[in-house]
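Have a look at the structure below before the remarks.
Just so you know, all these numbers are worked out from the coordinates, no wet-lab data involved. Predicted, not measured: the structure shown is a model, and the values here were computed from it.
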Amino acid sequence: MSSDPVSLDLPGVSSAGTSIADVLPAVLQAISQVAPTHRQCHITITNGCSSFYLSNPRWYIDSGSCATPFPPTIRSSDSGSALFIKTPDTARGAIAVITYDLLNNDSNQTIEKIAVMFSNPYDLKAHSNLFAVGILDNSRECDKLLYDEMETGTGNFFVRRKTDGNVLSYRGKRVTIQATMSDSPQPAMKVELRETQ
């Protein structure tokens, strides 16, 4: 069995007398157009609670940045979104943990916090997308300690998994938080909050 050479059509590169150094920039550009290297995670939180609302979002970013922040408040039957992206020109992903205070609609008192963690790594061959949701005591800070705990799976106040098409669900005393996350280089994460029945 013989194999014929494959012809590459690279703009601005002629085949006669061309060195690898001449061709390399065009090859890298062609590869970058077919191999996605951009990492981002778009998160939507929907508040399906009639008795509670979300306020005062905070985030700790382990890698990347927040391109579009969450709204300050997510009222009952409302949604809020944010976009986290990787730092340009780095071989790192978009990775963070987010918290929102959970407040009673009648008293406006903070009862507890919800937490959402995601990891959208740069190298999806070596690492998987991860996500976690949970409910915290309202004294917990949104910081590296919280991120590390949720990323490694060492706490008992949340659930965590690799993205595999299944729903992640954490049932608290007052609210239940559920989430899905697509398994792609630029995943979308959907989070829903409901009163625990």
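Per the Debye formula with a single identical scatterer at each Cα and no solvent contribution, what log10 I(q)/I(0) holds for region 148-197 at q = 0.27, 0.32 Å⁻¹?
Here log10 of I(q) over I(0) equals -1.09, -1.17.
From the C-alpha gyration tensor of region 44-149, pull out the three semi-axes of the equivalent ellipsoid (sqrt of 5λ each), sorted largest to smallest, in whole Å.
On the way: eigenvalues 151, 39, 25 Å².
Largest first, region 44-149 gives 27, 14, 11 Å.
Averaging sequence separations of C-alpha pairs under 8 Å and six or more residues apart, then dividing by the length of region 40-195, give the relative contact order as a whole percent.
Values: 421 pairs, mean separation 37.7, N = 156.
That works out to 24 percent.
Say the cut-off is 21 Å between C-alpha atoms; which of K86/K144; K113/K162; K162/K190 go over it?
K113/K162
Whole-Hz ³J(HN,Hα) for each residue in region 158-166, computed from phi via Karplus 6.51 cos²θ - 1.76 cosθ + 1.60 with θ = phi - 60°, x for glycine and proline: what do you get?
7, 10, 9, 6, 6, 6, 9, x, 8
Which far-off residues, 5 or more places away or on another chain, put their amide H under 5 Å from the one on S63, with H placed in the peptide plane?
The list, which skips near neighbours in sequence, is I95.
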